[in-house]
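FYI, it's all coordinate maths here, none of it is from the lab. Everything numeric here is computed off the predicted structure, so don't read it as measured data. Glycine also receives a Cβ, built like all others from the backbone with ideal geometry; neighbour counts cover every protein chain displayed.
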Amino acid sequence: MRDAILVTGGSGFIGSNFILNWIECVGSPVVNLDLLTYAGNPANLSSLQGDPRYRFIRGDICDSELAGSLLREHQPCAIVHFAAESHVDRSIASPGAFLRTNVEGTCVLLEQARRYWSSLSLADQHAFRFLHISTDEVYGSLGPSDPPFIESAPYAPNSPYAASKAAADHFARAYFRTCGLPVLTTNCSNNYGPFQFPEKLIPLMILNALEGKPLPVYGDGLQVRDWLYVDDHCAAIRAVLQDGRAGETYHIGGSSERTNIHVVKAICDLVDEMVPPVSTGPRRNLIATVKDRPGHDRRYAMDTSKIRRELGWQPSIVFETGLRKTVRWYLDHPEWTEGVRTGAYLEWIQQNYTRRPER
Ligand code: NAD
Ligand code: TYD
């Protein structure tokens, strides 16, 4: 076994931030297995071109032969499994891809990891880690005064996305309990930061605000998410890989609960400050409440006392600072934005928002 890690879905939002962060902070080799779906973008990692520590393989996590041969060839000491279909609205429109990648793909990886792990020496087996990256959405929705989710909260997924991630979490758990594979699971709250695909709330609102387009807030906009700057998520994953206990689940979150409407107004104000509106008036005027998402979860929040207590991790970037950095990043990288807004992206925007007349 070598000191390389295998990352799946490393060309997406969190995966690419994680790889950049890993190369900078740890520096051991990374093999990135990514299918490059609409959400995967090699440009996120263009700064690693020619770096001998980085290797990209385009492929599907559902391809068991490929996964098995990559493990045998690169002999990684850990797998960090990000690859997924990740957008709730798309899961409502077409759940099939979520079942395939999130459930079947995770099972394929777990099985190939088990076979590879069984071939290792006892010392290497002990050191090996399969880190399954999951979400707070598996627990369903909280009421306004409920305490945040703890690691033993019952699963109650409400969207096809959440259901597929919940199923994957159960398989990850089963591979630890039944086979002894050293699996760890992290369930994280909503991330934001550079390289996030502009179908998700924060980048969509930044880009629409910049372009003077309507800002479509679902329902009453009082749904609550717990926002975490992506670099803090990457640091938490490194802490779990290094010191987390096999078979355990760790919650990761920003302890930054905000309503959607609060987030959208904050984005309007930041964009107004950085690119003053000359003739159009304040960007808050662009806010349009539209038809709600079916099954829309009202509130998520994570109790992160376990990871704070056991691994000494805590978020380091407060929401207002992280949001400012994020708006700045999108303003400074128009070429990235242009690159991801392909015909397929425009088609999705058309499909999602024409079904959502104003309320
Ligand atoms: P993303 O959609 O930006 O990226 C997903 C990546 O997976 C893309 O690069 C895509 O090409 C790749 N991929 C998709 N299907 C694949 C397949 N069959 N084989 C190989 N690669 C494939 O997602 P993200 O926001 O970076 O999320 C990464 C992980 O973190 C996901 O597992 C998600 O459930 C989890 N998560 C995300 C958030 C969030 O706020 N974004 C919060 C908690 C957990
Ligand atoms: P999203 O970024 O899709 O993440 P998730 O659904 O996984 O939490 O959405 C975050 C919140 O923003 C969610 O409550 C839905 C809401 N939302 C809007 O109000 N308008 C939009 O156009 C989008 C994409 C999301």
Exercise for the section: Calculate how steeply helix 201-211 sits against the longest principal axis of the alpha-carbon atoms of the chain, using the helix alpha-carbon long axis, and give the answer as 0 to 90 degrees to the nearest 10. Expected result: 40 degrees
Exercise for the section: Quick one: angle between helix 160-179 and the longest Cα principal axis of the chain, in degrees between 0 and 90, rounded to 10, please. Expected result: 20 degrees
Practice task
Note the angle between two axes, namely the Cα long axis of helix 260-274 and the longest principal axis of the Cα atoms of the chain, as a number of degrees from 0 to 90, rounded to the nearest 10.
Solution key: 70 degrees
Completion exercise
per DSSP, antiparallel bridges as share of beta bridges in the chain, % nearest 5, sits at 10 percent
Handout entry: Helix-derived mean residue ellipticity, 222 nm - over the chain, DSSP H n ≥ 4, -39500 (n - 2.57), to 500
Key = -12500 deg cm²/dmol
Exercise for the section: Give the peptides 171-178, 142-149, 29-36, 257-264 in descending order of average Cβ contacts within 10 Å, highest first. Expected result: 29-36, 257-264, 171-178, 142-149
Problem - Burial order of peptide ranges 115-125, 94-104 (average beta-carbon count within 10 Å, highest first) - result: 94-104, 115-125
Handout entry: FRET efficiency estimate (nearest 0.05) - Cβ-Cβ, GLU338 to ALA97, R0 35 angstrom
Key = 0.85
Practice task
Rounded to the nearest Å, what's the spacing between the alpha carbon centres of region 1-67 and region 97-127? Just the number, please.
Solution key: 17 Å
Problem - Residue with peak Gaussian network fluctuation, the chain [Cα springs, cutoff 10 Å], from GLY244, GLY50, GLY105 - result: GLY50
Handout entry: GNM result for the chain, Cα springs below 10 Å: residue of ASP169, ASP272, ASP136 fluctuating most strongly
Key = ASP272
Practice task
Quick one: which residues, 5 or more positions from GLY10 or on another chain, have an amide H under 5 Å from its amide H? H modelled 1.01 Å from N in the peptide plane, none for Pro or chain starts.
Solution key: LEU33
Completion exercise
Partner lysines whose C-alpha sits under 27 Å from that of LYS306, ignoring same-chain residues fewer than 8 away, are LYS165
Handout entry: Under Karplus coefficients 6.51, -1.76 and 1.60, residue-wise ³J(HN,Hα) of region 337-354 in Hz, glycine/proline x
Key = 4, 4, x, 8, 8, 7, x, 5, 5, 4, 4, 5, 4, 4, 5, 5, 8, 6
Handout entry: Within a Gaussian network of the chain (alpha carbon springs, distance under 10 Å), most fluctuating of GLU310, GLU273, GLU151
Key = GLU273
Practice task
Could you work out, for the chain, what percent of all Cα-Cα pairs fall into each 20 Å distance bin, beginning at 0 Å and stopping at the bin that holds the largest distance?
Solution key: 30, 59, 11, 0
Fill in the blank from the handout: Excluding residues fewer than 8 positions from LYS213 in its own chain, the lysines with Cα under 20 Å of it are LYS200, LYS265, LYS291
